[in-house]
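Input: a single structure, listed below in structure tokens.
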Amino acid sequence: MKTKVYENNYNELVIEEMRKILPQDAVSTKIVDRLAVCHGAFNVEYKWIQAGKYPYIPDVVVWPETTEQVSEILKIANKNKTVVIPYGGGSGSVMGSVFFNGGICLDTKKLTKFILNAKGMSVTVGAGWNISQLEDELNRFGYTMGHFPQSMNSATIAGSVATSAIGTFSTKYGKFDDMLIALEVVLPTGEILFTKDAPKASTGINLNYLFLGSEGSYGICTEVTAKIWHQPEARKFSVYTFKTTHDGFEAVRKMVSLGQATLAVVRLYDEYESVFTIDAYKFEEGYALLYLGFEGRKDQVDLEMKISDEICLAEGGIYKGDQAAKQWERDRLDTSYGLGTTHLPNGAAESLEISASWDKLEDVWLAMRNAIAPYAQIIHVHFSHMYHTGGNLYCIIHTIRGKDSEDAEKNFLKCVKKSLDACVKAGGSISHHHGVGTLKSKWMFDEHNNGFEIMKKIKRAIDPNNIMNPPVLGLGGEANVG
Amino acid sequence: MLDKYKDLMEDCSMCNDQCVYGCPVFTINRTTTVYPGRKVYLARCIIKNEIELDENVQDVLYQCCSCGLCKTFCLYGIKGKPRDPVPLIQKIRHEIIKKGIKTDFVTEAELRIKEFGNLYGDVSNILEEVKATNKSGKNGGILYLVDAEMLAISPEAPKAAIQLMNKKNIKPIISDMLETGYDIKAIGFFEEAVSIAKNTADYLNNLSVSKLIVSSPKAFYALTEWYKEINIKINKEVILETDFFRNLLIVHHNEYKLRPSDIQNFIKNEGLVVYHDGSFMARYLKNFDTPRMLIKPLFTRYEELRTSREEARPLAPAVYPLGLSDDYLEKLANNRIVDIMELKPDYVITSDSLSYAALKKYWDKDKVLSIPEALLMSFVDMEK
């Protein structure tokens with residue numbers, strides 16, 4: 001592991017130029033500010049904290065308050081060929097904002113514009129809005145974004161663009177891909193780009209998709225325009241057990257693909273992850289568990305529950321009321337279980353989320369489970385975002401082995417490798433909504449084949465000096481991981 | 001020195017930072033540096049001698065208002081065991097002061113504590129003005145404590161409270177001790193704070209009254225919760241002022257109706273009142289509905305200002321007495337005025353003394369009321 005000293009290591013010229021165009025307190029080389037942004041929320045980053053002095057910190061932190069300031073910062077960085085990594089809430093779990101070679105940390109949280117377009121059913125907000133605070137603000141006016149990721153209390157809205165994120169009520173409100181209407185982005189050369197807020201256009205390629213999931217490698221998203229909805233009248237849940245995960249799959253596949261009921265939440269837990277809840281609620285031992293959530297008009301919700309019930313019962317499901325799902329709703333932001341393992345000197349836990357089409361999803365699930373089994377102490381798997389053509393698999397891996405944080409890091413990264421190799425081989429996609437970061441960048445060719453080369457060409461075209469978050473997605477350099 | 005915080009330092013060093021959603025300091029400041037968990041990480045770096053303890057560290061650690069909202073939103077709290085970084089942050093402030101490192105703010109705070117026994121300077125004249133309003137009624141074993149903060153920022157509120165008590169034939173003894181020590185402890189002057197707390201407790205305990213009414217939720221919290229932690233006993237029933245008036249004036253049920261015997265004493269004011277629930281400490285005490293019970297029956301139309309984390313005073317309680325600048329008040333007022341103007345109210349009632357001062361100064365001094373002022377305004381039965 002490379003160990004970088006905390007002494008200032010920056011290019012005085014770059015700092016000097018930035019100080020000229022930004023308010024005095026918007027540029028900091030203080031260690032207290034640089035340490036605060038040095039890590040995200042991935043377990044290996046915590047292992048580095050456990051091991052001692054943090055190995056990778058930025059040289060300077062800047063807090064622009066306007067798009068124009070972001071543009072000026074990028075012009076200076078580009079001229080001086082200095083790396084820039086945007087930093088939102090700091091909740092990323094794929095090491096997408098690691099300062100392997102120092103550079104500028106551009107903290108986006110002071111970008112806080114808010115324009116509600118009630119007639120147009122959209123909101124335009126600055127990149128730095130905390131997702132939960134934004135939802136509160138929309139609720140004040142009677143609207144919701146319907147975007148409830150587990151990280152919503154700390155993540156920023158532009159982080160959802162950067163990772164192509166998703167929330168737990170995605171089956172009704174869609175992925176962030178579906179919510180996104182338009183963007184304002186500052187390109188690495190400082191040019192400001194706007195995309196149009198049309199509901200749909202047939203005017204060439206949709207440039208939103210150049211930045212959705214780009215993890216700060218093609219530019220910095222400064223404003224987001226997203227869909228809003230009227231707040232629903234009712235929210236209800238139902239719970240079913242199934243003899244096997246396969247039976248649960250069949251029920252979910254039919255519910256989603258028949259198109260007769262708009263579910264809001266679908267969460268199918270395999271027989272292994274279900275054990276604790278099955279035990280707590282005295283459901284049938286060894287069964288899989290399905291939670292369904294519904295939102296909308298009261299009568300619509302009741303009808304959708306009735307249709308779903310018919311399908312679940314026909315597939316062998318047993319109705320179990322709503323308490324287990326309501327408990328999930330209350331606890332859904334809790335990540336303490338995994339952190340308990342990660343806090344052990346030799347422990348590490350984290351989730352990997354992949355996706356696959358219906359015809360491959362079960363194979364991918366079994367292949368990943370089998371691949372990790374020899375290396376992990378606990379493997380929990382559930383399927384929590386479902387589509388017409390397939391779904392997402394969420395695999396939570398706990399490893400407790402060896403003697404120290406270095407062993408923990410190695411063990412966990414081995415699990416990542418085994419599971420992603422298995423996923424690719426069985427036809428799955430390596431990331432569903434956390435992004436690639438530097439953790440999964442080695443699988444980008446497997447994921448995209450020659451498409452990966454096209455992404456690199458685009459990167460070279462719009463970021464000729466390779467300043468924007470180079471190692472993420474494997475587009476601009478190697479990461480110093482694993 | 002910080003062994004008992006070892007687990008906290010592990011938990012908060014990689015916790016997804018969900019508490020920033022509730023953090024008033026972050027809501028204003030918007031840097032990652034002020035995340036509660038990142039302050040704990042900084043503490044960890046200090047303990048492990050990875051960074052030097054200097055004024056920059058001290059500055060960051062004072063970017064916490066000790067409001068405890070991070071505990072409310074702590075992910076461990078979901079399972080009933082929330083982590084609380086506030087004691088650790090205060091403990092490190094204490095250690096830094098012991099080492100002799102003092103920013104301008106800490107130096108100024110120390111001077112005021114030594115000279116005045118509080119963070120607000122000389123408030124004796126204001127106390128005399130407040131006492132002068134206490135004119136009639138029987139004592140009935142009641143002691144009223146208005147803390148230095150309330151006197152310095154919104155003395156109109158205790159003046160109105162006393163007049164209201166007088167009208168209910170109560171003439172309280174007004175405490176000469178004005179400081180619980182809680183804010184002083186929060187800044188890191190632990191020994192001084194405990195000494196002040198002991199003096200205050202001795203003074204209060206020696207008065208032969210049975211009930212102690214406390215004007216501010218923070219002082220109430222200090223006397224009922226913090227004093228327990230430092231083994232100081234108060235030999236009286238301690239009652240928060242709003243609870244006292246609730247019991248005195250209204251029937252406690254969901255419709256917020258006045259006690260039947262008191263209906264004749266109150267007029268219902270025509271027009272829209274907007275209530276600003278700004279008392280983070282009252283929410284911390286889970287006692288946030290009493291002001292609503294008191295206010296709702298008094299006005300024909302009632303609305304609430306949106307809940308904002310900003311009301312928890314990003315500079316308070318540890319820092320704001322010294323940062324109570326006009327600039328800050330104007331900014332605070334402007335934030336509120338944007339929302340207030342949407343509602344076009346006839347009155348705004350706020351339970352936050354700082355917002356009260358800001359709105360009085362920068363919005364409309366005649367339309368801004370504290371809760372006791374609103375009650376007093378509606379109380380018509382002068383002679384009863």
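The values are calculated or read from the model by the stated rules, or taken from the named source; none is laboratory data. Since the model is a prediction, treat every value here as computed from it, not as a measurement. We place every Cβ from the backbone using ideal geometry, glycine too, and count neighbours over all the protein chains shown.
Scanning the range A:202-219 for residues that are under 17 Å from the mean Cα position of the chain (by Cα) and either more than 19 Å from A:HIS433 (Cα to Cα) or not in a helix (DSSP H, G or I) (or both) returns A:LEU212, A:GLY213, A:SER214, A:GLU215, A:GLY216, A:SER217. Does any residue of the range B:170-184 turn out to be over 23 Å from B:GLN63 (Cα atoms), surrounded by fewer than 21 Cβ atoms within 10 Å (Cβ to Cβ) and out of contact with any Phe, Trp or Tyr (no Cβ under 9 Å at 6 or more places or on another chain)? Yes, the range B:170-184 contains at least one residue that is over 23 Å from B:GLN63 (Cα atoms), surrounded by fewer than 21 Cβ atoms within 10 Å (Cβ to Cβ) and out of contact with any Phe, Trp or Tyr (no Cβ under 9 Å at 6 or more places or on another chain). Checking each residue in the range A:91-143 for being closer than 16 Å to A:PRO58 by Cα and in contact with a strand residue (DSSP E or B) (Cβ under 9 Å, 6 or more places away or on another chain) picks out A:GLY96, A:SER97, A:VAL98, A:PHE99, A:GLY102, A:GLY103, A:ILE104, A:CYS105, A:LEU106, A:ASP107, A:THR108. Restricting the first member to the range B:154-181 and to residues that are closer than 18 Å to B:LEU223 by Cα, and the second to residues that are of a type in the set (D, E, K, R), the beta-carbon pairs closer than 7 Å and six or more apart or on different chains are B:ILE174/B:LYS131; B:LEU178/B:ASP147; B:GLU179/B:ASP147; B:THR180/B:ASP147. The residues of the range B:1-19 that are free of Cβ contacts under 8 Å to residues at least 24 places away in the same chain and either closer than 20 Å to A:ASP136 by Cβ or under 23 Å from the mean Cα position of the chain (by Cα) (or both) amount to a single one, B:ASP17. The residues on offer are B:THR31, B:THR72, and the sole one that is farther than 20 Å from A:HIS343 by Cβ and facing chain A (nearest Cβ under 7 Å) is B:THR31. Just to be sure, is A:ALA226 outside any strand (DSSP E or B), touching a residue at least 40 places away in the same chain (Cβ under 8 Å) and small (Gly, Ala, Ser)? In short, no. Answer with yes or no whether A:GLU362 is within 14 Å of chain B (Cβ to nearest Cβ) and either part of a helix (DSSP H, G or I) or of a type in the set (A, V, I, L, M) (or both). No. Among the residues making up the range A:261-288, those that are over 19 Å from A:GLN377 (Cβ atoms) and in a loop (DSSP other than H, G, I, E, B) are A:ALA261, A:THR262, A:LEU263, A:ALA264, A:LYS282, A:PHE283, A:GLU284, A:GLU285, A:GLY286, A:TYR287. When B:ALA109 is tested against (1) at pLDDT 85 or above; (2) in a helix (DSSP H, G or I); (3) surrounded by fewer than 18 Cβ atoms within 10 Å (Cβ to Cβ); (4) of a type outside the set (Phe, Trp, Tyr), only condition (3) is not met. Here the range A:25-51 is the region considered, the condition is being more than 7 Å from chain B (Cβ to nearest Cβ) and more than 25 Å from the chain's Cα centre (by Cα), and the residue that is nearest to A:VAL224 (Cα to Cα) is A:ALA26.
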